[in-house]
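Beneath this line is the structure, given in structure tokens, with notes to follow.
The values are calculated or read from the model by the stated rules, or taken from the named source; none is laboratory data. Being a predicted model, the structure only gives us computed values, none of them experimental. Virtual Cβ from ideal backbone geometry, glycine too; neighbours counted across all protein chains shown. Please note that ligands, DNA and RNA were not included when accessible areas were found on the heavy atoms of the full protein model with its side chains. Shrake-Rupley method; radii C 1.70, N 1.55, O 1.52, S 1.80 Å.
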Amino acid sequence: VIDKKDVIPVTRSFREIRSFKNPPPSTFCLYTETPGKFTSFYIDYGETIGIDNRPTLKNRKEWYALSELKPCRILLPVALLDRLFIPISDRPLICDKRLYTLDTRKPDKVWLYLNSTIFLITIQLFSRKGSSSARGAVMDATVEDYVDVPVPNLSLLHVEFDPEKMLKRRPLRYSEEIKQEDRIELDLAVLRALDFDNPEALLRELYS
């Protein structure tokens, strides 16, 4: 038994995420600087069986504490296959090593651009490539790749698009995703926000 205030949901793998809206994870992680009564019992028990002396833990100030992990609503995947999307959650989460958290003051606004085909192609171009599979080349993006990928000034970008329909469904494989009405509407809205001329014609070329 652990005090509820001392845990936080953690997404362990991108494979757990099946929709544009990241569902509440079923896994929780100890995440506290001020353990409650029951959590203290849990920590004390861990020390009686020597967990605090394990090589990966013994040099921490508090062996059970996860430092510098800020919970965020947007998770960036290390690897993408043929389902090109960036998930968002209703509440801030932490994640495991095959995902990165994105800290932004306006997650809903930033999320729109991150799910545009323009960004999803761009991160593919600027990331390292991992191994190949039957479903295509695997993107293997580092933190540095996400930092270096060129994007417009998102604080000035006004994308006129209602994401509710998209948030209620699962992303599809790329060849089917680009046929979806809401996908087309989002991409057109992003192209218009970027001041491209004739976005309809450009979108056909982009998908091709």
Top-ranked residue in the stretch 184-205 [being aliphatic (A, V, I, L, M) and more than 24 Å from the chain's Cα centre (by Cα); ranked as surrounded by the fewest Cβ atoms within 10 Å (Cβ to Cβ)]
Ala201
Subset of the stretch 108-129 [modelled with pLDDT of 90 or more and in a loop (DSSP other than H, G, I, E, B)]:
Asn115, Ser116
What number goes with the only condition from (1) modelled with pLDDT under 90; (2) of a type in the set (Asp, Glu); (3) within 24 Å of Glu144 (Cβ to Cβ) that Asp103 does not pass?
(1)
Restricting to strands (runs of 3 or more DSSP E) lying wholly in the stretch 64-107: which have 1 or more residues that are out of contact with any helix residue (DSSP H, G or I) (no Cβ under 7 Å at 6 or more places or on another chain) and open to solvent by 50 Å² or more (accessible area, probe 1.4 Å)?
88-95, 99-102
Within the stretch 79-88, take every residue that is out of contact with any Leu (no Cβ under 7 Å at 6 or more places or on another chain) and aliphatic (A, V, I, L, M) and give me the one that is modelled with the lowest pLDDT.
Leu81
What number of residues within the stretch 45-60 satisfy the criterion of being open to solvent by 40 Å² or more (accessible area, probe 1.4 Å) and part of a loop (DSSP other than H, G, I, E, B)?
7
Taking the stated definitions as given, is Lys165 within 18 Å of Lys109 (Cβ to Cβ) and open to solvent by 30 Å² or more (accessible area, probe 1.4 Å)?
yes
Please work out which one of (1) assigned to a loop (DSSP other than H, G, I, E, B); (2) open to solvent by 40 Å² or more (accessible area, probe 1.4 Å); (3) not polar (S, T, N, Q) is the condition Lys5 fails and give its number.
(1)
So how many residues does the stretch 27-44 have that are open to solvent by less than 40 Å² (accessible area, probe 1.4 Å), among the β-branched types (Val, Ile, Thr) and farther than 10 Å from Ala65 by Cα?
2
